[in-house]
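Below: one structure, written as structure tokens.
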Amino acid sequence: MAEFAWIFMKNKAISNINLLEQRFYSQNGEDGIIKFIFKKLGTSNKFCVEFGFHDFEGNSIYLRKKDWQCLWIDGNGDGKIVKKEFLTAENINSIFEKYQVPKEFDLLSIDIDSNDYWIWKAITGYSPRVVIIEYNACFTPTESKAMKYKPDNVWDGSNYYGGTLAAMVKLGKSKGYTLVGCDNRGVNAIFIRNDMIENNFVLKNTEELYKPPQFGIKVNGKYTGYKQSSEKMIDV
């Protein structure tokens, strides 16, 4: 399906990234989305940074097999293939310096189930062309909320994590990025740096691009996301 859809989109602006979803090593359909986005945009240095990486699945394993240079970071990393670092808003830029991340690179993927919003907000001086970040689909696409920042936060399995899609869109806009879609399961949002948008993507509003949760608890046969937390997200 994705290859067929690409035939019709490769010479025109991409209007629906969900038609391009394929899963090889990613949690959802991000492999195909990433593959076809870079077929459209081309690459600069084939450098990727992925946070929250696990050895059995990740958004950039496919890229690594295509000769990309990938910096994988996780709090439970092995220290070799996956660098062992607990990321905070205070240390993220120094970690980039430590591992000699280029100031401009092709892909940043953030999925740490907690301070995702605050980590992206804290990154300064670096300009990835494409950003994939987990969003909290348990809230409506009009609510701009994030969990309170706490450096040592660890996800407790509830709906208290990260930031909502509206919050990510607002943050992305402040950094020079535009939302082009979300994966079908309502897990990750895909942002493109603004200078890459023209003639490459058909822009739509946040409500159109939002995907509700296809995970967690089911109520009357419909997914509602993870269990309700006693903690309250804050407006951002």
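The values are calculated or read from the model by the stated rules, or taken from the named source; none is laboratory data. Bear in mind the structure is a predicted one, so any value in this text is a computation, not a measurement. As a convention, Cβ positions derive from the backbone with ideal geometry for all residues, glycine included, and neighbour counts pool all protein chains shown. We work out accessible area using only protein heavy atoms, side chains counted, and drop any ligands, DNA or RNA first. Shrake-Rupley method; radii C 1.70, N 1.55, O 1.52, S 1.80 Å.
Among residues of the range 157-182 that are closer than 16 Å to Ser127 by Cα, those with a Cβ under 6 angstrom from a residue that is assigned to a helix (DSSP H, G or I), sequence gap 6+ or separate chain, pair up as Leu171/Lys121; Gly176/Asn194; Thr178/Asn194; Leu179/Val169; Leu179/Leu209. Looking for something within 24 Å of Met196 (Cα to Cα), at pLDDT 95 or above and of a type in the set (S, T, N, Q) - is there at least one such residue anywhere in the range 101-117? There is at least one residue in the range 101-117 that is within 24 Å of Met196 (Cα to Cα), at pLDDT 95 or above and of a type in the set (S, T, N, Q). With a requirement of 1 or more residues that are open to solvent by 60 Å² or more (accessible area, probe 1.4 Å) and out of contact with any Ser or Thr (no Cβ under 9 Å at 6 or more places or on another chain), the strands (runs of 3 or more DSSP E) lying completely within the range 34-152 that satisfy it span 69-74, 82-84. In the condition set (1) in contact with a strand residue (DSSP E or B) (Cβ under 7 Å, 6 or more places away or on another chain); (2) within 15 Å of Tyr177 (Cα to Cα); (3) not hydroxyl-bearing (Ser, Thr, Tyr), Lys121 is compliant with all but (1). Do we have Ile7 as open to solvent by 40 Å² or more (accessible area, probe 1.4 Å), modelled with pLDDT under 95 and over 16 Å from Ile197 (Cβ atoms) here? Answer is yes for this residue.
Listed here are the residues, each with its yes/no results for (1) assigned to a loop (DSSP other than H, G, I, E, B); (2) surrounded by fewer than 20 Cβ atoms within 10 Å (Cβ to Cβ); (3) within 19 Å of the chain's Cα centre (by Cα).
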residue	(1), (2), (3)
Val154	yes, yes, yes
Lys173	no, yes, yes
Gly181	no, no, yes
Asn184	yes, yes, yes
Ile190	no, no, yes
Leu203	yes, yes, yes
Tyr223	no, yes, no
Glu231	yes, yes, no
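Selection of the range 205-221 for residues being surrounded by 13 or more Cβ atoms within 10 Å (Cβ to Cβ) and in contact (Cβ under 8 Å) with a residue 12 or more places away in the chain yields Thr206, Leu209, Tyr210, Lys211, Pro212, Pro213, Gln214, Phe215, Gly216.
Of all the listed residues (Lys80, Lys39), the sole one being of a type in the set (Lys, Arg) and farther than 30 Å from Asn11 by Cα is Lys80.
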